[in-house]
Structures are given as C-alpha cells and as structure tokens.
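Engineer: Mind looking over this structure? Questions follow.
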Amino acid sequence: MWAELEPVGWAPSGGYRRFAWSAEDLTLREWFAAECARRGLDLTVDRVGNQWAWWWDGPGTVDDAVAAGRPGVAIGSHLDSVPDGGAFDGPLGVVSALATVDALRAAGVTPDVPLAVVNFVDEEGARFGIACAGSRVLTGQLSPERALALTDADGTTYAEALRAAGRDPDELGPDEQTLRRVGTFVELHVEQGRALVDLGTPVAVASDIWPHGRWRFDFPGEANHAGTTRLEDRRDAMLGYADLVLGARHVATQRGCVATVGKVAVTPGGVNAIPAHVTGWLDARGPQEDQVRALVEELTGRAGELGAEVTRESWTPTTRFDTDLADRLRGVLRGAVGTETPVSVPVLGTGAGHDAGILATAGVPSAMLFVRNPTGVSHSPAEHAEREDCHAGVEALTACVRDLTRGGPDGEPAPGVVRRADGDV
Ligand code: GLV
Ligand code: MN
Ligand code: MN
C-alpha cells in the first residue's frame, strides 16, 4: 500500500502536495475505494465526502446492528497533506487501519460489531484554510454555508471544488445517520514530537489536544515606488506584518504558548514596489486556553494600532479524549506493542489537531495511538517513522480493535462502547 501511495502528489522538495478535492486527492480517494473493494468492505460516502468502508458480517445492515445496540467501531485518518508535508501524517493511520482489517482476517477474527475504515476529507485545511473541515461539517461544528463560501488561493470556492470533483454542493451538511453508526473512533497517527524516542516505546495513547486556532491579519498600506518614495511618506504594509511575526514569537515565549506565522500574501508582490497590502496567517496553540486567548488578544491589539483587521478563521478549545477508553486501550496494549516484556504505554498530549478531536467534541468516544517518530519532525518532507515502529502500530491498533469489537450477549453493546443519545451532536 505504501509503495502505491508514494508517487501521488510527490513534490520536488521530497514532500507531498495532496490538497482537498485536488486531482491528487481524487486519485487517493480512488485508491482508498479500490483497497476497500479488494477487501469486500462496503464503501459509503457521507454528505461531506468522508469515505467510510464497513465490515459487517452479522445479521442485517450496519444500521440494523446499531439499532440493535451494536454501534460500530471506526478506525482511520486522512490522506490529504499540508504543502510539502510528510508521507506519514494521515496516510499512516489509513494504511494501518486497512492493515488491521487484514490482520484480523489472518487471525480468523470476525468483529461482533460493525467495523469501519475511514478516510476523512480535508483534515489539514491546506487549501481552504479550515483544518478538519470534513469532520467539522459532519458533526455540525462548521456550517455548510460557511464551508461552501471558503476560497482557495486561486479564488476557487469550496462549492466549485466540490462540483469539479463530481459532488453536489447542496448535499454538504451534518450527517447524523453516519455519525450514529460510530460508537467509537480510534485514529492512529505518526507522533508529531519526540517524546517516544526518549521514552523508548514505539506506541503511545493520546490524552488531549491543546487549544488551537488560526487568525488572518490584514495590514493596509499604499503602493509606491521603492526608489523614489521618501521613508517618511511611506505606508508600508510589510512593517505591520513584521511586527506581527516578531510579536508572535515574543508573546508566545512570555505566555508558554507556540505561535507561527507560516503563510503570507503580499500585494502587489514586486521587489521594487512598497507593499500595499499584506495578509499574514497566525497559528496559535498552547497547553493553557486562557494564555492562548491572551496571546491572540495582545497581537490583535498591536496589529489594530497599525490599522490591521483581524479575522478568526477557526478555534478549537482544549479537547480531552475519553479517559475510560484511553485507559482501556492502555490495558490492552500493555505488552502488545512490539516488546516481549509488558511495558506501560505512555499517555501523551499533543499540540496537533486531529479529526479524532473533532469527533470527541461531538460526543463520540474517541482515542488516538501515536507511533514513534525518530526526529519528531512533522509537516515537513523529513517526517519519518521506522518500518518496525509502523508494524508495532498496526499490531497495537489490531489489538485495540479486537478488544473493542468483541460483542457482549445478543443485543448488548460491545463492552466499553458508549452509545450516544439520538441527535447528541
Ligand atoms: C493539523 O495537522 C494541525 O494540527 O494543524
Ligand atoms: Mn497534519
Ligand atoms: Mn494528521
């Protein structure tokens, strides 16, 4: 599977450009559908475009099973990437989920509840600006109206991108029928940090996701000649932007947060023209929500004094994963993660956003497994995980799924699977 994915969206940097609803993304979606068909999984696409491939050999349909108190277990991640992203962020979770289906079958295991492999669309928000757009719309955390009006760098709207991909934009919206099938979600992901290297363990379970968000800063200026305009006569939009970049670093240091300005657009963008307009995008996160909010307030105030307009594009408060589920998976994994002797499986928090966090916020008991990354580097071509650790990840996910899909007596939910009330999104 890895070899088939390798060339798709490959960029000269050695990283990947796999943006939502692009030609590369459509190739990846076709690849996913083919892998699911090869395994005889029943592929459904929800109102947003997320792909769900179900394995259910029990009586009736998946919906019948859910109605009979056997909500499904979903595993998977996403296949899109950030600009020049690594090969693992997303695809490792999808490939590991498919490999888990293979491992269960090789072991002769048939799940007692429906099992789905999912490919969430548009996790990175690299093209339209909002991360986890697929799971946010699915769960009602992003309105279809707002999503459809988002534009990419070329001015293409989300609605137009959907149409070009053969989808009906009017269909976009929350999908309660799909969500109702999901009793539990487990997302395996490459670690984005280097805690596991120091701990000497290949796999960890997630505890929480830091609060995080994205803000757009628009700095006004006036275009003029770079050689003939006196310094005192200039209105240089770049100066406000420069203040934002340095301020972000300074305030983040003071407040124990991280802040990044990783994207900028300069108008008119000529070497010899004073910038008339600069847009910078701030990504801010941190362990403490009040500190992240205070950081953004401070930067907004500074930028406001320079005439900037600030727009919040997304905000995700602290997400805590279900502790019962995390404890249960840690129990399952003790001794089952590529080591002979039982070791305690670490629990890690993360500063990275994930669809599992969005589902958790929507009330779906969710968990994450992290696979060791030797350098910790992510969102970069240098992102890596050793093959042996990836295999340990599949082993771990398989053990978790085996446990979570083991049914109780007929009509009883599988142990530990928490059913949600109808409409509880
Ligand atoms: C997603 O990868 C994010 O945390 O930006
Ligand atoms: Mn990512
Ligand atoms: Mn990811």
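The values are calculated or read from the model by the stated rules, or taken from the named source; none is laboratory data. What you are looking at is a predicted structure, and each value in this text was computed from that prediction instead of being measured. We place every Cβ from the backbone using ideal geometry, glycine too, and count neighbours over all the protein chains shown.
Engineer: Give the residues of segment 206-225 that are assigned to a loop (DSSP other than H, G, I, E, B) and either out of contact with any Asp or Glu (no Cβ under 9 Å at 6 or more places or on another chain) or of a type outside the set (Phe, Trp, Tyr) (or both), sorted by residue number. Give the derivation first.
Structural biologist: In the first step, residues of segment 206-225 are kept if they are assigned to a loop (DSSP other than H, G, I, E, B); the result is 210-211, 221-224.
Matches in segment 206-225: Pro211, Gly221, Glu222, Ala223, Asn224.
Engineer: Now, a different point. Considering each of Phe32, Phe19 in turn, give the residue that is under 23 Å from Ser366 (Cα atoms) and among the aromatic types (Phe, Trp, Tyr).
Structural biologist: Phe32
Engineer: So which residues in segment 60-90 are within 11 Å of ligand 2 (Cβ to nearest atom) and in contact with a helix residue (DSSP H, G or I) (Cβ under 9 Å, 6 or more places away or on another chain)?
Structural biologist: Answer for segment 60-90, where residues must be within 11 Å of ligand 2 (Cβ to nearest atom) and in contact with a helix residue (DSSP H, G or I) (Cβ under 9 Å, 6 or more places away or on another chain): Ser77, His78, Asp80, Ser81, Phe88.
Engineer: For segment 64-74, what are the residues that are assigned to a helix (DSSP H, G or I) and surrounded by 14 or more Cβ atoms within 10 Å (Cβ to Cβ)?
Structural biologist: Answer for segment 64-74, where residues must be assigned to a helix (DSSP H, G or I) and surrounded by 14 or more Cβ atoms within 10 Å (Cβ to Cβ): Ala65, Val66.
Engineer: Starting from segment 183-205, take each residue that is farther than 17 Å from Ala367 by Cα and in a strand (DSSP E or B) and list its partners that are within 14 Å of ligand 1 (Cβ to nearest atom) and among the basic types (Lys, Arg), counting only C-beta distances under 6 angstrom and pairs at least six apart or across chains.
Structural biologist: Pairs that qualify, where the first residue is farther than 17 Å from Ala367 by Cα and in a strand (DSSP E or B) and the partner is within 14 Å of ligand 1 (Cβ to nearest atom) and among the basic types (Lys, Arg): there are none.
One line per residue, one yes/no per condition, for (1) farther than 24 Å from Val101 by Cα; (2) modelled with pLDDT under 95; (3) away from ligand 3 (no atom under 16 Å from the Cβ):
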site	(1), (2), (3)
Thr341	yes, yes, yes
Leu369	no, no, no
Ser378	yes, no, no
Pro381	yes, no, no
Leu397	no, no, no
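Engineer: Condition first: touching a helix residue (DSSP H, G or I) at 6+ places or on another chain (Cβ under 8 Å), surrounded by fewer than 24 Cβ atoms within 10 Å (Cβ to Cβ) and not in a loop (DSSP other than H, G, I, E, B). Now tell me which residues in segment 117-159 satisfy that.
Structural biologist: Of everything in segment 117-159, those that are touching a helix residue (DSSP H, G or I) at 6+ places or on another chain (Cβ under 8 Å), surrounded by fewer than 24 Cβ atoms within 10 Å (Cβ to Cβ) and not in a loop (DSSP other than H, G, I, E, B) turn out to be Pro144, Ala147, Leu148, Ala149, Thr151, Thr157, Ala159.
Engineer: What are the residue pairs meeting all of these: first residue in segment 84-100, first residue touching a residue at least 40 places away in the same chain (Cβ under 8 Å) and under 18 Å from Ser378 (Cα atoms), second residue among the acidic types (Asp, Glu) and more than 10 Å from ligand 3 (Cβ to nearest atom), Cβ atoms under 8 Å, and 6 or more apart or on different chains?
Structural biologist: So the pair list comes out as Gly85/Glu383; Gly86/Glu383; Ala87/Glu6; Ala87/Glu383; Phe88/Glu383; Asp89/Glu383.
Engineer: Sticking with this structure for a sec: Looking at Gly90, Gly58, which one is modelled with pLDDT under 95 and touching a Lys or Arg at 6+ places or on another chain (Cβ under 9 Å)?
Structural biologist: None of the other options fit; the residue is Gly58.
Engineer: Looking only at segment 364-375, which residues are part of a loop (DSSP other than H, G, I, E, B) and either under 17 Å from the mean Cα position of the chain (by Cα) or surrounded by 19 or more Cβ atoms within 10 Å (Cβ to Cβ) (or both)?
Structural biologist: Within segment 364-375, Val364, Pro365, Arg372, Asn373 meet the criteria.
Engineer: Then there is this: Looking at segment 160-175 only, could you name the residues that are assigned to a helix (DSSP H, G or I) and surrounded by 17 or more Cβ atoms within 10 Å (Cβ to Cβ)? Give the derivation first.
Structural biologist: Step one: of segment 160-175, the residues assigned to a helix (DSSP H, G or I) are 160-164, 169-171.
Those that are assigned to a helix (DSSP H, G or I) and surrounded by 17 or more Cβ atoms within 10 Å (Cβ to Cβ): Ala161, Leu162.
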